[in-house]
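This report refers to the structure that appears directly beneath it.
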Amino acid sequence: MQERVAEPAGQRNGQGGQKELEEQVLRTGLCTGCGACVNLCPYQAIYQDRTVLLHPCDLAQGRCYDFCPRTPTDRDALRRNFQEAADCTPELGAVKGFFITRAADGNLRCRAQHGGSVTALMALALREGLIDAAVLVEEGEGLLPRSVTVTDPNEAGERGRSRLVVSPTVAEFNRIVRGDAAKIGVVATPCQAIAFAKMRALPLSESNAGIEKLRLVVGLFCGWALSWRKLAPLLKKKTDIARVIGMDIPPSRYHTLEVYTSGETIRVSLDEIDPCVREACRSCDDMTAEFSDLSVGSARLPEGWETARGWNQVIVRTKQGMDLLELARRRGVLEFREAPPGNLEKLKAASLGKKRAAERFFGRDVADEETTQAG
Amino acid sequence: MNGHLVKDPYNIVITGVGGQGNVMASRVLSNMLVRKGFKVTIGETFGMSQRGGSVMSHIRVSPTAVWSPQIPKGTADLIVALEPIEAIRVLADYGNPTVKILVNLRAIYPVGVITGEDEYPSTTVIRETVMALAAQARFLDATDEAIRLGNPILGNIVMIGAVAGMKVLPIDRELFEAVIRDGMPAARVEANLRAFAIGEANVA
Amino acid sequence: MSLDREQKEGAELLLMGNEAIARGALEAGVRVAAGYPGTPSSEIIETLSRFSEAGKLYVEWSTNEKVAMEVAAAASFAGLRSLCVMKQNGVNVASDFLLHLTGSGTRGGMVLVTCDDPGALSSVNEGESRHFARLMEIPLLEPSDFREAKEMTRWAFTLSEAIRNVVMVRSVTRMSHASGNVVLGALPEIAGKAAFCCDGPVSDPDCGPVISTPVVAKHRLQQEKLRGATTLFEESPFNAYEGPEDPELLIITSSVCTLYSREALSLLRAEGRTGILKLGTTWPVPPALLKKRLASAKKVLIVEEVLPFLEDQVKILAAEQAHEIGIKEFYGKNDGTLPMVGELNPDLVAAAVGRILGIDPPSVPAEYREKLTALTALVPKREQTFCPGCPHRASFWGIREALQRDHRGGFVCGDIGCYAMASLFPAAGFHTAKTLHSMGSGTGIASGFGKLGPFGMEQPVLAVCGDSTFYHAAIPALINAVHHRADITFIALDNSGTAMTGFQSHPGLEVNAMGEAAPMVDIAALCRAIGAPVVVGDPFALTETRETLNRLLEEPGVKVLILKQSCALSPGKKGKKTFLVRVDETLCRGDACGCNRLCTRIFRCPGLLWNRDRKKAEIDEVICAGCGFCAGICPAGAIRNEEAAKS
Ligand SMILES: Cc1cc2nc3c(=O)[nH]c(=O)nc-3n(C[C@H](O)[C@H](O)[C@H](O)COP(=O)(O)OP(=O)(O)OC[C@H]3O[C@@H](n4cnc5c(N)ncnc54)[C@H](O)[C@@H]3O)c2cc1C
Ligand code: SF4
Ligand code: SF4
Ligand code: SF4
């Protein structure tokens, strides 16, 4: 794991409490539903996939504001805390290595989203005692996912597949960090990974007590997540949502969302899905979970999507991440194949695309963008 | 009629907070005075004020006439406060240079104080304020005495005992006993008599 | 000390105005008394219920005031003396029946006692019932002291029988809830059998059917009888003049204002210059008496509370007789001498009289006054809130948590009862309750809001209603909501009693006003019968309440949640703690980030204290009711419940 750096995340970090959180994040639609502000105190809660305020809190400064990934954050200072300057790229953050992998266990792959690398790595970390608890996500009722803590590596194998509705993973971490677990690993979307990074960057004190238990952050690539209140009624019109077992977004040229039910695959045009995209995601500039130890997404292979969907691309960002991946290779948990030429460049372009969109959302750096286009 | 009053009407305010037995105290005291042959009028505000609000009884005592159930401002002769800041609240409206006042020092904090929004004055401040404004002021820990007797609600009777002890009204222990024997289950009479005696001794 | 059967004729007792009224009815031989609880009227029926006896005196808490009046009217039709009692709002509820009843007339003496609340000391309005007397054309009597409260009530029955119509006796909070010396009169031998004679022709007032038609003929008869009453009023001892024969100023007053007026003159030492005409019969005012007194003075001040009811009558009479008694200078409401809102007191009247006569009311020395003024800064206000251990606090906490989670801006339509506090003092209801009107109106308003979905309203609508209010007026509104498929969540806050006014019985209990066993009318069964799905819960079970509510908020149509938990002040609970509650200081997070005083800052139960010095929460053992609910909200588990020893 990275060295802890004593200095705080940076001077540009804003300060505030619940009131500022409400004004700057919740009211403006920037809230990702990560749950970083939940389970710290009695004032915030997650309901369905939304973060809500239960009662007003009048503290001028608080953890809710400090931990939230959407309050002003000096990202460079945050990066310096965990990542080596030499690894840093402007498009993807730190890149120590780039790999194409999949779980060696075919059974596991069947129950995974793509290559099952994430599940295989989490199960390995548990089995090897690198962590003793893993915060994962499982399907809940009516397409509403649940963040859960798992201690048994076999159970981790049951928690594969991506839930495209946000799950309050950081809230679950906040809940268990006060409990028995000593070494915790998490699977996090990019926004959640930023929350964890902010928690880690604070000088260790009563306010972020327990954060030293966080030993592993496996990030997920993320284009956007969906709003449950909008998605559920839409899918209800198309199928019995109790039968839905998974969803995926094939490469952009398909322009569809695939919904897998026990019997069939339903394809919904992204034009229909677009209004269901969570508002906060339109202003998110991180596609590859830059603040993780390693991050995982779907692969792009010359054989086409049907093959590629069984593989992952992995960006290793920290020494910790690299050690885990190498361990997986040694133990035969992951299979590796050569990354096709140009893959990293394509990923960089896609990542940059998301950053641009976020800038446009905030109406920032338009001139900058024009120069880039001109050049 | 045994005993006389310094004024006609003699104006008493009994004040406290809902739940302190204010109404009961004013009834007991007034019944004692009716037995002495006085015309007594009690004006009470209750209803919503039962729930944590200030409760005030106005007692008018006269040898001859029925007076208004509201005492005119600035004309209280005796203030009996079951709660310290209520003493000050009543003084502000009904105080005058000749007023006598009896204060139970047990505070019942208003919601605003509980929540930390408002400040409750210290006992020293309360004592000094009351003493500076009243012709005679007596303080006691009636609620503590009552808790020692086994029931905090007896604080109101301790206060009635203290009123008797102040010797400003023609009332005594026998009269008290006669009144409560009339309106109370026999089992509770003993504790009430003890509460009265403690109050009486406390200011005598 | 309160009125009971043991007390003998001739005894001089300290009676509350309401007890004096009850005693008056008893001395008149009242046989049936019905009412609906409402401050400041409730003690009248309560007192009478202690005197109830099969075949001699029947007493009931009716489901609402209209029913109470109907029950009392039936007794009158059957030849018995009857009483119905209500607070000012109740007369509005009963007024539809009252209009027809005064048209049909009565048989056995029937008295309507109403207790008004000028200044709204315990109401959400200061509406007046006096105007109903004029509207319904029935006599109005207003006692000015405790002795009169008894005497007048007794005489009202006689008058009712003389005019064969209802007589209204009107009290106010400062009379009903004040006490004074009353000498008891004899209680009559109770005799007479109930029988409704109805075989005769419509025109027969003794044996015909009792109806208000033929309207014009009956109306004419009613007015004739009323004129008869006015003649009696001319000589009534309830109207009296005191003061010099030709006063500089004539005060015309009634009710408790008589005492204020006397006190004002005493304060100003103006008794020699001012006369007081105190009227006990205030509708219709006796014209000859008034004329005589008006003739004797040039300046006239009418002292009454809220609206100019007497003032209007006096001015009309003065105008009619101006050619004989001359032109008067009037002071009262219309010229602003006295306020048209709020209650009066001796100081307000003294100031008014002082202005007219040019006398300064006495006051404490200026220097002392200054010191008194400085005191206000020292005294923190006493905000009203739910009692320690109150189930309503828990209910609203659950509602708040559910509505905040739901996140669509849902709100509660409030209603009348203790839980009105949630609307009156927003912090007490955790800022959820947003409307408050008359009994049962919360449900009716919600029913209306619940149809606004097609107009774009996305907010979920809740209505709360106490058990007593449910039977009183919420049922028709709930039926309306069901029939019209309004989208509402109806929450019955069932605390097993009419707590607001002192635990009177109601149809949801297995006992009646006379302490007899009575069949209980089940709220849940009633709601199911009208087709609403019903969930019954305990407000102290927070998670369950919240989850149930969140589920119900998602469902269309009318959903009923009954939150059942008896009132903290109920006889079964008062003084008994379920838990010994304490705060573990080592765990309490206090005002640090992570709690910031949830219990004392937001939950605000008076049993919890914030210790400023130690920066920790505490339990005040004397005040804490031991319900243990706060242990469930503390994020740190610092509030601990220990099973209290059963005593
Ligand atoms: C909302 C969302 C959007 C995504 N968008 C893209 C994208 O645009 N491009 C891309 O390449 N990849 C995207 N991914 C990642 C992709 O879906 C796969 O998770 C990733 O390729 C790893 O595959 P795998 O087979 O190793 O995963 P698996 O082995 O199936 O493991 C998936 C892991 O993710 C966890 N998880 C599931 N849902 C969530 C959630 N909502 N929040 C947090 N953790 C969760 C599970 O607990 C499990 O540990 C997205 C994932 C999510 C959750
Ligand atoms: S985290 Fe701290 S500042 Fe934020 S709402 Fe909770 S107690 Fe208040
Ligand atoms: S983004 Fe996360 S931390 Fe910020 S307000 Fe939303 S749930 Fe809370
Ligand atoms: S809620 Fe609990 S932690 Fe917070 S102040 Fe109260 S007792 Fe302390």
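Each peptide in B:139-145, C:269-275 was scored by the mean count of other Cβ atoms within 10 Å over its residues; highest first, the order is B:139-145, C:269-275.
Counting only alpha carbon atoms, the long axis of helix C:65-77 and the longest principal axis of chain C meet at about 40°. When A:ASP66, C:ASP199 are compared by accessible surface with a 1.4 Å probe, the order from highest to lowest is C:ASP199, A:ASP66.
Note on C:LYS573: aspartates and glutamates with a C-alpha under 19 Å away, same-chain residues under 8 apart excluded, are C:ASP467, C:ASP494, C:GLU510, C:ASP538, C:ASP620, C:GLU621, C:GLU642, C:GLU643. Using the beta-carbon distance between A:ASP274 and A:ALA85 and R0 = 45 Å, what value does 1/(1 + (r/R0)^6) give for FRET efficiency, to the nearest 0.05? Efficiency computed from Cβ-Cβ geometry: 0.75.
In degrees between 0 and 90, to the nearest 10, how far off the longest principal axis of chain C does helix C:215-234 point, with axes built from Cα atoms? It works out to around 70 degrees. Residues in the range C:391-564 average 36 Å² of solvent-accessible surface per residue, probe 1.4 Å, ligands and nucleic acids excluded. If R0 equals 51 Å, the separation of the Cβ atoms of A:ASP74 and C:LYS574 corresponds to a calculated FRET efficiency of about 0.30.
Sort the range A:83-229 into rounded, prolate or oblate with this rule: let a ≥ b ≥ c be the square roots of the eigenvalues of the Cα gyration tensor; rounded if a/c is under 1.5, and if a/c is not under 1.5, prolate when a/b is larger than b/c, oblate otherwise. The shape class here is rounded.
For the range B:29-173, the per residue solvent-accessible surface stands at 29 Å², with DNA, RNA and ligands left out and a 1.4 Å probe. Note: relative contact order over chain C, using C-alpha pairs below 8 Å and six or more positions apart, is 10 percent. Amide H contacts of B:ALA137 (H built 1.01 Å from N, in plane; Pro and chain starts excluded): B:ILE101 sit under 5 Å, all sequence-distant by 5 or more or on other chains. Taking every DSSP bridge with both residues inside the protein assembly as shown, close to 45 percent are antiparallel. Measuring with a 1.4 angstrom probe and ignoring ligands and nucleic acids, A:TRP228 comes out at about 40 Å² accessible. Relative to the dominant Cα principal axis of chain C, helix C:391-406 is inclined by about 60°.
When peptides A:83-95, A:173-185, C:381-393, A:336-348 are sorted by average Cβ neighbour count within 10 Å, with the highest value leading, the order is C:381-393, A:173-185, A:83-95, A:336-348. Excluding residues fewer than 8 places away in the same chain, name every one of the lysines whose C-alpha is closer than 26 Å to that of A:LYS354. Hits, sequence-local ones excluded: A:LYS96, A:LYS198, A:LYS230, A:LYS346. Estimated purely from DSSP H runs of n ≥ 4, each contributing -39500 (n - 2.57), the mean residue ellipticity at 222 nm for chain A is -8500 deg cm²/dmol once divided by its residues.
Close amide H pairs (under 5 Å, H built 1.01 Å from N) link A:GLN44 with A:ASN39, A:LEU54, residues at least 5 positions away or on another chain. Report the antiparallel proportion of the DSSP beta bridges in the range C:391-564 as a percent, rounded to a multiple of 5. Approximately 10 percent, going by the DSSP bridge assignments.
How high is the relative contact order of chain A, in percent, with contacts defined as C-alpha pairs under 8 Å that are six or more residues apart? In percent, rounded to a whole number, it is 21.
Ordered by solvent-accessible area of protein heavy atoms (1.4 Å probe), largest first, the residues A:LYS198, B:LYS100, C:LYS564, C:LYS574 come out as C:LYS574, C:LYS564, B:LYS100, A:LYS198.
A 1.4 Å probe, protein heavy atoms only, puts the accessible area of C:CYS627 near 40 Å². Largest GNM mean-square fluctuation across A:PHE82, A:PHE291, A:PHE98, computed for chain A with C-alpha springs under 10 Å, falls on A:PHE98. Using amide H atoms built 1.01 Å from N in the peptide plane, name the residues 5+ places from C:TRP283, or on other chains, whose amide H lies under 5 Å from its own. For C:TRP283, whose amide H was placed from the backbone, the distant partners under 5 Å are C:LEU140.
With a/c under 1.5 counting as rounded, go ahead and sort the range A:228-276 into rounded, prolate or oblate using the C-alpha gyration tensor (a ≥ b ≥ c being the square roots of the eigenvalues; past the cut-off, prolate if a/b is larger than b/c, else oblate).
Oblate is the answer for the range A:228-276, as a/c is 1.5 or above yet b/c matches or exceeds a/b.
For B:HIS4, the accessible area of its heavy atoms, probed at 1.4 Å with every protein chain present, is near 150 square angstrom.
Considering only protein heavy atoms and a probe of 1.4 Å, how much of the accessible area of the protein assembly as shown is carbon and sulfur, as a whole percent?
It is 53 percent, rounded to a whole number.
Rounded to the nearest Hz, the phi-derived 3J(HN,Hα) couplings of the range A:146-160 under the Karplus curve 6.51 cos²θ - 1.76 cosθ + 1.60 (θ = phi - 60°) are 10, 8, 9, 10, 10, 10, 9, x, 5, 5, 4, x, 7, 10, x, where x marks glycine and proline. The aspartates and glutamates within cross-link reach of C:LYS291, meaning a Cα-to-Cα straight distance under 13 Å and a gap of 8 or more places when in the same chain, are C:GLU234, C:GLU320, C:GLU324. For the peptide B:34-44, the mean number of other protein chain Cβ atoms found within 10 angstrom of a residue's Cβ is 5.
Residue order by solvent-accessible surface for C:GLU224, A:GLU258, C:GLU329, C:GLU126 is C:GLU224, C:GLU329, C:GLU126, A:GLU258, largest first, with ligands and nucleic acids left out and a 1.4 Å probe. The mean number of partner chain beta-carbon atoms within 10 angstrom of a residue's beta-carbon across peptide B:103-115 is 6. Mind running the shape call on chain A? Use the C-alpha gyration tensor, a ≥ b ≥ c as the square roots of the eigenvalues: rounded below 1.5 for a/c, prolate if a/b tops b/c, oblate otherwise. The shape class here is rounded. For C:VAL521 and A:GLU264, what does the FRET efficiency come to when R0 = 45 Å and r is the distance between their Cβ atoms, rounded to the nearest 0.05? The formula returns an efficiency of 0.25 here. When the range C:1-121 is described by a simple charge dipole with +1 on each Lys and Arg Cβ and -1 on each Asp and Glu Cβ, the residue from C:GLY38, C:ALA68, C:LEU101 located farthest towards its positive end is C:LEU101.
The values are calculated or read from the model by the stated rules, or taken from the named source; none is laboratory data. Because the structure is predicted, anything quoted here is derived from the model rather than measured. Counting neighbours? That spans all protein chains shown, and the Cβs are built from the backbone with ideal geometry, glycine included. Each accessible area value is taken on the protein alone, full model and side chains, heavy atoms only, with ligands, DNA and RNA left out. Shrake-Rupley method; radii C 1.70, N 1.55, O 1.52, S 1.80 Å.
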